[in-house]
Amino acid sequence: MSAGLRAIRGPVLNPSPAAGVDYWPDGVLVGDDRGRIVAAGPWHEVAPRLNLDAAGVPRSLGIVLPPLFDAHIHISQHPIRGRFAENIAADPPGGRLLASLEQNVFPAEGRCGSPAHARQVVAAFAADTLANGVVGGAAYMTVHASATRIALEQLPDTWSVGLVLTNGRCPAYLRTDEPALADDIAALAADFGRRLIVTDRFAVSVDTPLRTRGVALARRHGLRMQTHLDEQRAEKALVERTLYPEAASYTDVYARDGLLDCEPILAHCIHVRPEEVEMIAATASSIAHCPVSNTLLGSGVMPLDVVRAAGIPHALCTDVGASPTTSLGCEMAQFLKVHAGSSAAATPEEALRLVTVAPARILGLADRLGTFAPGMEWSFIEAAWDMAAPPATAREAILGGLLGMTEADLEAWRQGEEPRAAAVRRLRDEGLDWGPDLALLDADVRATAARLEHRIRRVTRAGIIMAESHRPA
């Protein structure tokens with residue numbers, strides 16, 4: 001091997017920035033001593049060109065693929081992941097989302113007002129996400145500037161973090177310190193730049209004066225924004241009929257207050273009407289699609305084909321703590337299930353693109369990460385697979401290798417005849433309150449999470465091993 005080169009050999013998945021996924025069953029990823037990619041491709045093509053010696057190139061611990069990104073996740077809710085809606089009644093006033101926030105989420109977030117607790121939460125979050133191959137994303141912290149600073153300091157620069165704006169329908173201890181807001185954002189922006197995201201919790205908890213102030217501060221410091229939109233029917237009705245009856249829609253609340261002009265990441269967007277889709281598409285907005293969270297809370301299913309047809313950038317995200325796991329593999333599997341039979345675009349290859357190259361582009365990291373190309377970081381993860389031999393195709397590598405699913409599994413969800421698939425159809429068409437359908441889907445998601453969590457054997461960033469699992473493959 002030429003001096004200064006390093007390589008890893010094994011099955012390699014390479015998501016394309018345009019469409020599809022390249023796959024080399026016997027592939028190689030070559031980097032230099034600066035931690036940059038020199039070449040990626042089939043072993044038989046790359047090895048002779050770079051004088052690679054088979055005896056000197058280590059074999060991978062699993063399928064090699066780019067690191068993953070989560071563009072919508074709540075750091076402060078990490079300690080209660082999977083318990084977001086714990087002990088919530090079947091049909092509480094205002095819906096399960098608002099009830100869960102009040103009973104479970106707000107107390108967890110309030111504890112992050114203690115710097116010592118915030119440090120512990122961020123450290124556990126960082127270790128857990130990295131163990132699942134997630135090296136960056138866009139996260140919500142809390143209303144506490146101190147906690148937001150701790151997260152930005154402790155997490156690598158591939159993570160953006162939001163100082164949360166909230167001034168209504170929440171405990172007093174979780175209200176934004178409005179007199180200090182301008183100084184807090186200025187100080188954080190000075191130290192962390194665009195890694196700071198001005199975060200409007202959602203229209204239920206932020207009024208127009210605070211939102212427009214957040215927009216003005218984002219513009220002043222060149223920052224982007226993030227929020228939640230159209231997650232549940234009860235939430236949408238509250239926003240449109242009670243809190244903002246003068247607005248044309250939930251999305252119009254954000255449009256008229258200027259938030260849509262700040263390159264926002266909009267979480268969920270399940271119950272968007274056609275005119276709302278048009279408003280989002282006309283801006284530099286992106287959508288965080290969270291199938292696991294949307295299933296467990298009975299919220300519904302994002303209209304994938306509508307979003308794609310409008311050309312709105314979107315990525316798969318966990319929305320922890322509503323999800324029980326930071327594994328984006330679980331999110332990929334649920335993406336395939338909830339869209340089976342309703343969208344031909346929900347393929348294993350597209351699922352992989354939506355956790356790699358698509359979020360890297362949304363996060364402004366596509367020049368460094370998301371795909372394997374010369375000059376980009378020699379960064380990759382190695383995922384264990386349950387197959388006897390290297391998969392033959394990209395689809396088989398993703399579906400069978402990464403997710404442990406079969407074509408027969410997908411077909412069952414696509415046909416919609418077995419109970420879980422029928423429950424998904426009702427979730428998509430009507431949304432679900434707690435009952436047999438939601439209990440069935442809840443059990444399925446949690447079983448998938450347990451099966452797929454921490455299947456990543458090793459994480460390498462710019463040539464440096466950041467995490468390694470010694471669990472059996």
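Values for this structure:
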item: Among the residues listed as ALA189, ALA203, the single one being of a type in the set (A, V, I, L, M, F, W, C), out of contact with any Ser or Thr (no Cβ under 7 Å at 6 or more places or on another chain) and not in a loop (DSSP other than H, G, I, E, B); result: ALA189
item: Residue among VAL292, VAL338 that alone is surrounded by 24 or more Cβ atoms within 10 Å (Cβ to Cβ), within 17 Å of the chain's Cα centre (by Cα) and more than 20 Å from GLN226 (Cα to Cα); result: VAL338
item: Residue match in region 100-114 (condition: in contact (Cβ under 8 Å) with a residue 60 or more places away in the chain, of a type outside the set (Gly, Ala, Ser) and outside any helix (DSSP H, G or I)); result: no
item: Set GLY401, GLY370: member being buried (at least 23 other Cβ atoms within 10 Å of the Cβ) and closer than 18 Å to THR318 by Cα; result: GLY370
item: Where ALA218 falls short, out of the listed (1) in contact with a Gly (Cβ under 7 Å, 6 or more places away or on another chain); (2) crowded, with 16+ Cβ neighbours inside 10 Å; (3) in a helix (DSSP H, G or I); result: (1)
item: Checklist (1) in a loop (DSSP other than H, G, I, E, B); (2) within 23 Å of ARG457 (Cβ to Cβ) applied to GLY329, failing item; result: (1)
item: All strands (runs of 3 or more DSSP E) inside region 367-468 with 1 or more residues being more than 20 Å from the chain's Cα centre (by Cα) and touching a residue at least 12 places away in the same chain (Cβ under 8 Å); result: 456-461, 464-468
item: SER146 vs. criteria in a helix (DSSP H, G or I), in contact with a helix residue (DSSP H, G or I) (Cβ under 8 Å, 6 or more places away or on another chain) and either loosely packed, with under 13 Cβ neighbours inside 10 Å or not charged (D, E, K, R) (or both); result: yes
item: One residue from ARG426, ARG457, ARG395, ARG420 being touching an Asp or Glu at 6+ places or on another chain (Cβ under 7 Å) and over 30 Å from GLY321 (Cβ atoms); result: ARG395
item: From VAL134, VAL143, VAL121, residue being closer than 23 Å to ILE265 by Cβ, aliphatic (A, V, I, L, M) and in contact with a Gly (Cβ under 9 Å, 6 or more places away or on another chain); result: VAL143
item: Boolean, GLU235 is under 21 Å from MET302 (Cβ atoms) and either in contact with a Lys or Arg (Cβ under 9 Å, 6 or more places away or on another chain) or in a loop (DSSP other than H, G, I, E, B) (or both); result: no
item: Condition met for SER327 (polar (S, T, N, Q) and buried (at least 23 other Cβ atoms within 10 Å of the Cβ)); result: yes
item: ALA126 in contact with a Phe, Trp or Tyr (Cβ under 9 Å, 6 or more places away or on another chain) and either touching a residue at least 40 places away in the same chain (Cβ under 8 Å) or of a type in the set (S, T, N, Q) (or both); result: no
item: Candidate set: region 341-367, residues that are acidic (Asp, Glu) and surrounded by 18 or more Cβ atoms within 10 Å (Cβ to Cβ); chosen: the one farthest from ALA309 (Cα to Cα); result: GLU349
item: Strands (runs of 3 or more DSSP E) contained entirely in region 1-84, each with at least 2 residues that are closer than 30 Å to ALA443 by Cα; result: 63-65, 68-74
item: Yes/no for THR242 being farther than 18 Å from LEU165 by Cβ, free of Cβ contacts under 8 Å to residues at least 12 places away in the same chain and part of a helix (DSSP H, G or I); result: yes
item: Looking only at region 354-366, and only at residues there that are part of a loop (DSSP other than H, G, I, E, B) and not small (Gly, Ala, Ser), the one that is farthest from the chain's Cα centre (by Cα); result: LEU365
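Residues checked against (1) of a type in the set (Asp, Glu); (2) touching a Lys or Arg at 6+ places or on another chain (Cβ under 9 Å); (3) closer than 22 Å to ILE63 by Cβ:
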position: LEU363; (1), (2), (3): no, no, no
position: SER379; (1), (2), (3): no, yes, yes
position: ALA412; (1), (2), (3): no, yes, no
position: GLU453; (1), (2), (3): yes, no, yes
position: GLY463; (1), (2), (3): no, yes, yes
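We did not get these values from a lab; they are worked out from the coordinates using the rules stated. All figures in this text were calculated on a predicted structure; none of them were measured in a lab. We place every Cβ from the backbone using ideal geometry, glycine too, and count neighbours over all the protein chains shown.
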